[in-house]
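First comes the structure, then the notes that go with it.
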Amino acid sequence: MDMLIILAALGLFGLVTFWPRHADAHCDTMDGPTAVDGRKALTSGNLNHALKWIGPKAEAELREVFEPSLRVRKLGGEATAVADRLFLETLVRLHRAGEGAGFDGLKPSGTAIDPAVAAADAAIASGRMDPLVGVAPKDRLPELERRLQAALALKDFPVDDVAAGRRYIDAYVKFFKYAEGHDHDHGHGGHAHQH
């Protein structure tokens, strides 16, 4: 029964998957950090890799999909792909809902993202502002530097400390939102951010 539900749900989600489009958000692509952490959760069997991306109220729904997905993916081949897709779609949908944002499906790998978002990704990865210089307006660089340092200070946390992970995501999202040109903070605790 679990597999039939997963197959039916994935079929519905798949209707929008293959349409070429530009990502409305950083987190709704297969290459985005939410999906990357979702895949870590699936391959490790540890849901905590993904929980930092959603609020506590959404945990029950994600857990409801996680365990059946782990069982179905053991069948291999297409079953693994279907199970993974359902879990990732659910994770990103819950994340987006927590932001107060719509969700029209998980975009494929290689989907174009805003250059400022790509530069912010590179800044987080390198721990340096260099990728944003020339991309972000000059007058925003001091605040971007402050937000980058705030995120980096929280970046290294034990995977099982979900609260610490959520604090990092909150700082991370504030950095990304500002890099995208948004002036207001969007707290992650209530998942009222969009990125």
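Data overview
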{"quantity": "The one condition in (1) surrounded by 15 or more Cβ atoms within 10 Å (Cβ to Cβ); (2) modelled with pLDDT under 95; (3) hydrophobic (A, V, I, L, M, F, W, C) that L148 fails to fulfil", "calculated": "(2)"}
{"quantity": "Among residues of the stretch 68-79, those that are in contact (Cβ under 8 Å) with a residue 12 or more places away in the chain and of a type outside the set (K, R), counted", "calculated": "6"}
{"quantity": "E89 surrounded by 15 or more Cβ atoms within 10 Å (Cβ to Cβ), among the acidic types (D, E) and under 19 Å from E180 (Cα atoms)", "calculated": "no"}
{"quantity": "Number of positions in the stretch 116-125 that are out of contact with any helix residue (DSSP H, G or I) (no Cβ under 6 Å at 6 or more places or on another chain) and either surrounded by 12 or more Cβ atoms within 10 Å (Cβ to Cβ) or of a type in the set (F, W, Y) (or both)", "calculated": "3"}
{"quantity": "Single condition I169 does not satisfy, out of (1) in contact with a His (Cβ under 6 Å, 6 or more places away or on another chain); (2) modelled with pLDDT under 90; (3) closer than 22 Å to D31 by Cβ", "calculated": "(2)"}
{"quantity": "Residues (free of Cβ contacts under 8 Å to residues at least 24 places away in the same chain and within 10 Å of the chain's Cα centre (by Cα)) located in the stretch 80-100", "calculated": "R93"}
{"quantity": "Which listed residue, of T34, T29, is in contact (Cβ under 8 Å) with a residue 40 or more places away in the chain and in contact with a His (Cβ under 9 Å, 6 or more places away or on another chain)", "calculated": "T34"}
{"quantity": "Filtered residue count, the stretch 148-169, keeping only those that are in contact with a helix residue (DSSP H, G or I) (Cβ under 6 Å, 6 or more places away or on another chain) and not charged (D, E, K, R)", "calculated": "8"}
{"quantity": "Conditions (1) crowded, with 20+ Cβ neighbours inside 10 Å; (2) in contact with a Gly (Cβ under 9 Å, 6 or more places away or on another chain); number of the one not met by G105", "calculated": "(1)"}
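Results for (1) in contact with a Gly (Cβ under 8 Å, 6 or more places away or on another chain); (2) assigned to a loop (DSSP other than H, G, I, E, B); (3) in the same structural domain as M30 (by TED's automatic domain parsing), shown as yes or no for each residue.
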| site | (1), (2), (3) |
| --- | --- |
| A120 | no, no, no |
| R128 | no, yes, no |
| P131 | no, no, no |
| D139 | no, no, no |
| E143 | no, no, no |
| R146 | no, no, no |
| A150 | no, no, no |
| D156 | no, yes, no |
| V159 | yes, yes, no |
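The values are calculated or read from the model by the stated rules, or taken from the named source; none is laboratory data. No experiment lies behind these values; they were computed from the predicted model shown. So basically every Cβ, Gly included, is an ideal-geometry build from the backbone, and we count neighbours across all protein chains shown.
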